[in-house]
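Reading through the structure tokens given below for one structure.
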Amino acid sequence: MTKAATVNYHVHAPERQAYHIDAGGVAGELISPKHAATQVKLKDVRAGASVSFASDSVGFCNAPSKVRAFDDSRAWQAVYDQELTALLTRNIGAKEVIVFDHTVRVDDPNATRKPARNVHSDYSPEGAQQRLVDILGDQKAREWADGHYGFINVWRPIENPINSAPLGFVRPSSVPDEDWVLLDLIYPDRRGHIMGLVANLDHEWIYQSRMTPDEVVAFNIYDNRGKPSIAHSALDMIEDEAIITKRKSIESRTLVRY
């Protein structure tokens with residue numbers, strides 16, 4: 001059975017658009033550009049939708065973790081970083097993995113970091129190239145840029161199976177270049193960029209229903225050899241089962257060398 005969800009697409013505009021994050025120095029305060037709420041149809045991987053990291057820039061897999069509590073102590077981080085490194089080495093052929101960020105999100109109005117309800121990808125090409133320098137420094141970044149590298153995110157439910165706001169993806173082959181728009185990210189102390197996606201009836205949405213804490217999805221954000229970046233967003237499901245648990249997840253950002 002085909003599922004449906006509402007997503008917030010971006011819009012074309014004559015002026016540059018921006019997100020103001022932690023606006024006014026208040027953690028979690030967000031001022032957003034204009035969105036276009038749009039209903040989309042979804043293909044569920046559990047119902048047989050075919051998807052792979054090699055062909056679609058996104059891959060789902062079973063990957064239980066030894067970590068049971070992703071708390072603020074970060075005592076879990078060394079173990080989890082090792083697990084992610086092994087996962088990306090095994091599943092996508094990474095030769096070197098640097099895990100540089102973890103974000104825990106909770107679908108609660110009072111949470112500091114909530115699910116991202118806008119259709120986007122995390123870096124523009126220029127932003128990814130600058131992030132490479134930020135992480136590695138000028139000399140090592142040049143060495144990596146001479147080879148094949150990419151930024152890959154790994155997303156996992158925590159505590160409970162996903163009962164609300166699952167993560168959905170737009171198959172890259174259904175996205176023409178003109179559907180992307182550059183967006184500024186304005187923080188209290190710095191600026192960055194992401195790519196937003198505008199609505200198109202030809203977009204093919206995919207997701208995996210009821211993901212559990214033993215499952216992950218890895219998806220491509222940037223690749224210097226041209227693998228497409230994949231647009232993604234939290235989904236507000238239509239006519240879904242009753243929400244019995246709040247969505248909690250951890251999204252980890254990695255830099256990989258092939």
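Values quoted throughout were computed directly from the atomic coordinates according to the rules given, and no laboratory measurement underlies them. It should be emphasised that the depicted structure is a prediction, and the values quoted were computed from it without experimental measurement. Counting neighbours? That spans all protein chains shown, and the Cβs are built from the backbone with ideal geometry, glycine included.
Arrange Val11, Val99 by Cβ neighbour counts within 10 Å, fewest through most, would you? Present the calculation step by step, with values, prior to reporting the outcome.
Numbers: Val11 13, Val99 20.
The fewest-first ordering by Cβ neighbours comes to Val11, Val99.
Compute the length gained on full extension between Ala49 and Tyr187: take 0.36 nm times their separation in residues and subtract their Cα-Cα distance, giving the result in nm to one decimal.
45.9 nm
Can you put Glu204, Glu251, Glu159 in order, fewest other beta carbons within 10 Å first?
Glu159, Glu204, Glu251
Could you check the simple spin-label distance between Asp177 and Lys34, using points 7 Å along Cα→Cβ, in nm with one decimal?
2.6
Which far-off residues, 5 or more places away or on another chain, put their amide H under 5 Å from the one on Tyr187, with H placed in the peptide plane?
Ile21, Gly192
Please enumerate, by chain and number, the lysines with C-alpha under 27 Å from the C-alpha of Lys246, excluding those fewer than 8 residues away in the same chain.
By straight Cα distance, Lys246 reaches Lys3, Lys34, Lys41, Lys43, Lys66, Lys114.
Across segment 230-238, in residue order, what do the Karplus-derived ³J(HN,Hα) couplings come to in whole Hz, using 6.51 cos²θ - 1.76 cosθ + 1.60 with θ = phi - 60° and x for Gly and Pro?
10, 6, 8, 6, 5, 10, 9, 5, 9
Pull up all non-local amide H partners of Ala18: gap of 5 or more, or a different chain, and H-to-H distance under 5 Å with H placed in the peptide plane.
HN-HN under 5 Å from Ala18: Asp184.
Please give the length that would be gained between Glu126 and Arg16 if that part of the chain were fully extended, namely 0.36 nm times their separation in residues minus their C-alpha to C-alpha distance (nm, one decimal). Don't skip to the end; give the middle numbers.
On the way: separation 110, 0.36 × 110 = 39.60 nm, distance 1.60 nm.
Taking Glu126 through Arg16 to full extension adds about 38.0 nm, to one decimal.
Quick query: amide H of Asn118 versus all other amide H atoms, modeled in the peptide plane; which residues come in under 5 Å with a sequence gap of 5 or more or a different chain?
Under 5 Å from the amide H of Asn118: Ala234.
Rank Leu183, Ser209, Leu87 by how far each Cα sits towards the positive end of the charge dipole of the chain (+1 on Lys, Arg Cβ; -1 on Asp, Glu Cβ) and give me just the farthest.
Checking the options against the dipole of the chain, the answer is Leu87.
Taking Cα centroids, how far is segment 46-96 from segment 169-235 in Å?
Cα centroid of segment 46-96 versus Cα centroid of segment 169-235: 18 Å apart.
How big is the shadow of the Cα convex hull of the chain, averaged over all directions, in nm²?
Orientation-averaged projected area of the Cα hull: 13.9 nm².
Ranking request for peptides 170-180, 45-55: highest mean number of other beta-carbon atoms within 10 Å first, then the rest in descending order.
170-180, 45-55
Would you be so kind as to identify which of Ala4, Ala234, Ala47 lies farthest towards the positive end of the dipole of segment 3-257, taking Lys and Arg as +1 and Asp and Glu as -1 on Cβ and the Cα centre as origin?
Ala47
Place the peptides 193-199, 86-92 in order of packing, highest mean first, counting for every residue the other Cβ atoms within 10 Å and averaging per peptide. Spell out each step's value before the answer.
Numbers: 193-199: 19.6, 86-92: 16.1.
So the peptides 193-199, 86-92, ranked by packing, come out 193-199, 86-92.
Kindly write out, for segment 102-111 in residue order, the coupling ³J(HN,Hα) from the Karplus curve 6.51 cos²θ - 1.76 cosθ + 1.60 (θ = phi - 60°), rounded to whole Hz, with x marking Gly and Pro.
Working through the residues one at a time gives 10, 10, 8, 10, 10, 7, 9, x, 8, 6 Hz.
Hey, what do the phi angles of segment 176-182 turn into as Karplus ³J(HN,Hα) couplings, whole Hz, using 6.51/-1.76/1.60 and θ = phi - 60°, x for Gly and Pro?
3J(HN,Hα) across segment 176-182, in whole Hz: x, 4, 6, 7, 8, 10, 7.
Pairs of alpha-carbon atoms within less than 8 angstrom and 6+ residues apart define the contacts here; what relative contact order does the chain have, in percent?
Across the chain, relative contact order equals 34 percent.
What size of dipole, in debye to the nearest 20, comes out for segment 3-257 about its Cα centre when the only charges are +1 on Lys and Arg C-beta atoms and -1 on Asp and Glu C-beta atoms? List each step's numbers first, then the result.
On the way: 30 positive and 35 negative charges, 87 e Å.
Here the size comes out at about 420 debye.
Kindly provide the helix-only [θ] at 222 nm of the chain, computed as the sum of -39,500 (n - 2.57) over DSSP H runs of four or more divided by all residues, to the nearest 500 deg cm²/dmol?
Estimated from H runs of four or more residues: -4500 deg cm²/dmol.
Using the basic label-point model (7 angstrom from Cα toward the beta carbon), what is the Gln139 to Asp108 distance in nanometres?
Rounded to a tenth, the inter-label distance reads 4.7 nm.
For a quick check of your reading of the filter: which trypsin sites (Lys or Arg not before Pro) in segment 153-254 sit in a DSSP loop and have no more than 13 other Cβ atoms within 10 Å?
Numbers: sites: Arg190, Arg191, Arg210, Arg225, Lys246, Arg247, Lys248, Arg253; in loops: Arg190, Arg210, Arg225, Lys246, Arg247.
Within segment 153-254, the qualifying trypsin sites (Lys or Arg not before Pro) (loop, at most 13 other Cβ atoms within 10 Å) are Arg190, Arg210, Arg225.
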